[in-house]
Amino acid sequence: MSQIGCPMSAVIAYLRVSTDDQTCENQRRQIEERFKVGKWFTEEGVSGSVLAASRPAMSALLAYAREGDTVVVVAIDRLGRNTIDVLGTVEALQAKGVSVVSLREGFDLSTACGKLMLTMMAAFSQLERENMKARQLAGLERARAEGKALGRTKTIDDAEVAQWRSTNSASIAQTAAHFGISVASVKRACAAGVV
């Protein structure tokens, strides 16, 4: 087991899973196999697309970490999905004198080589997400072209909503309450179902 840094330094672990049905337990085990962790920061059900500064555990970690500490993650994508955000997080930690180690990629991000690898890997991850999004949009376009219905089935009869509001001289809020729908839905219905 590794204990990095001087006697007063700490090994800090950061764990994150994107959905509530996932668990951080595998990440915890992988880190415990190699490091004696002094402090754990865990995010459960928090997407990596949420900027690091907006994630509660990451914000707490950034405030807690001191010079000489080492932050350990199972993989770079645990820090985030946006290249610029990940680099910003690593740079903020390095500015405090904190090292960052990624187990999967097998490098120390405090070195020039580690930072280069981080930049390349984060860029490749971002490229793959953008490609996935493009494939998803192409699939939606194909489905539309084939005449398949997408999205939820409309449950509001625009004309009925607009007619009721007009007949009863009701406000948008009263109409929303009457039909059990949102104010935005009333506005859309009244714009579409002109009486």
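The values are calculated or read from the model by the stated rules, or taken from the named source; none is laboratory data. Everything numeric here is computed off the predicted structure, so don't read it as measured data. Cβ: placed from backbone, ideal geometry, glycine included. Neighbour counts: every protein chain shown. The accessibility values were calculated without ligands, DNA or RNA, using every heavy atom of the protein model including side chains. Shrake-Rupley method; radii C 1.70, N 1.55, O 1.52, S 1.80 Å.
Of everything listed in (1) closer than 30 Å to LYS133 by Cβ; (2) within 22 Å of the chain's Cα centre (by Cα), the single unmet condition for PHE107 is (2). Within segment 64-85, the only residue that satisfies the criterion of being among the small types (Gly, Ala, Ser) and modelled with pLDDT of 95 or more is ALA65. Within segment 91-114, take every residue that is in contact with a helix residue (DSSP H, G or I) (Cβ under 7 Å, 6 or more places away or on another chain) and open to solvent by 30 Å² or more (accessible area, probe 1.4 Å) and give me the one that is nearest to ALA63 (Cα to Cα). This residue is ALA92. Within segment 45-63, the set of residues being farther than 12 Å from ARG81 by Cβ and polar (S, T, N, Q) comprises SER54, SER59. Of all the listed residues (ALA177, ALA95, ALA134), the sole one being within 30 Å of ALA191 (Cα to Cα) and among the hydrophobic types (A, V, I, L, M, F, W, C) is ALA177. For the structure I just gave you, tell me whether LEU87 is within 21 Å of ALA112 (Cβ to Cβ), open to solvent by 10 Å² or more (accessible area, probe 1.4 Å) and in contact (Cβ under 8 Å) with a residue 24 or more places away in the chain. The answer is yes for LEU87.
Examine segment 10-23 for a residue that is surrounded by 16 or more Cβ atoms within 10 Å (Cβ to Cβ) and over 24 Å from ASN82 (Cβ atoms), and state whether such a residue exists. Yes: segment 10-23 contains one or more residues that are surrounded by 16 or more Cβ atoms within 10 Å (Cβ to Cβ) and over 24 Å from ASN82 (Cβ atoms).
Restricting segment 120-152 to residues that are without any contact (Cβ under 8 Å) to a residue 24 or more places away in the chain and of a type in the set (Gly, Ala, Ser), which is farthest from ILE76 (Cα to Cα)? Within segment 120-152, the match that is farthest from ILE76 (Cα to Cα) is GLY147. If you go through segment 157-195 and keep only what is under 30 Å from GLY139 (Cα atoms) and either open to solvent by less than 40 Å² (accessible area, probe 1.4 Å) or at pLDDT 90 or above (or both), you end up with ASP158, SER185, ALA189.
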